[in-house]
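To start, the structure under review is shown below, and the notes come after it.
The values are calculated or read from the model by the stated rules, or taken from the named source; none is laboratory data. Just so we're clear, the structure is a prediction, and the values are computed from it rather than from any experiment. Positions of Cβ are generated from backbone atoms using ideal geometry, with glycine treated the same way; all protein chains shown enter the neighbour counts.
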Amino acid sequence: MAFLMTTRPGAVPTLHPGDKLSRREFERRFDATPDLKRAELIEGIVYVASPVRHLYHGHAHSVLHAWVAALCSCIERGIADPAHAAFAARLRSRE
């Protein structure tokens, strides 16, 4: 993946996934990018983690959490759907 170098002369270039750098250059660029949280240099190749966004992670996590909470509430009240009988049996066996 190629990136255009659009930095000012004398400015430290940013880290990009796939860059091939020395450890010294990696650390110089990493220190110059305070908003970058996760980046690694493995065998001279830069790996930059994708940011976690609410719409792709947080929302799905919230929906799943609400579903599990509702299911557990129904099981505790004895209103379990027969389709979830194996799941309910496993929960009861842990008590």
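Examine region 10-23 for a residue that is in a helix (DSSP H, G or I), surrounded by fewer than 11 Cβ atoms within 10 Å (Cβ to Cβ), modelled with pLDDT of 90 or more and basic (Lys, Arg), and state whether such a residue exists. Give the steps one after another, and end with the answer.
Our first condition is that a residue be in a helix (DSSP H, G or I); within region 10-23, this holds for 23.
Next, only the ones that are surrounded by fewer than 11 Cβ atoms within 10 Å (Cβ to Cβ) stay: 23.
Going one step further and asking which of them are modelled with pLDDT of 90 or more, we end up with 23.
Add one more test, that the residue is basic (Lys, Arg), and what stays is 23.
Within region 10-23, one or more residues are in a helix (DSSP H, G or I), surrounded by fewer than 11 Cβ atoms within 10 Å (Cβ to Cβ), modelled with pLDDT of 90 or more and basic (Lys, Arg).
Could you grab me the full set of residues in region 24-70 that are modelled with pLDDT under 85 and in contact with an Asp or Glu (Cβ under 9 Å, 6 or more places away or on another chain)?
Ala49
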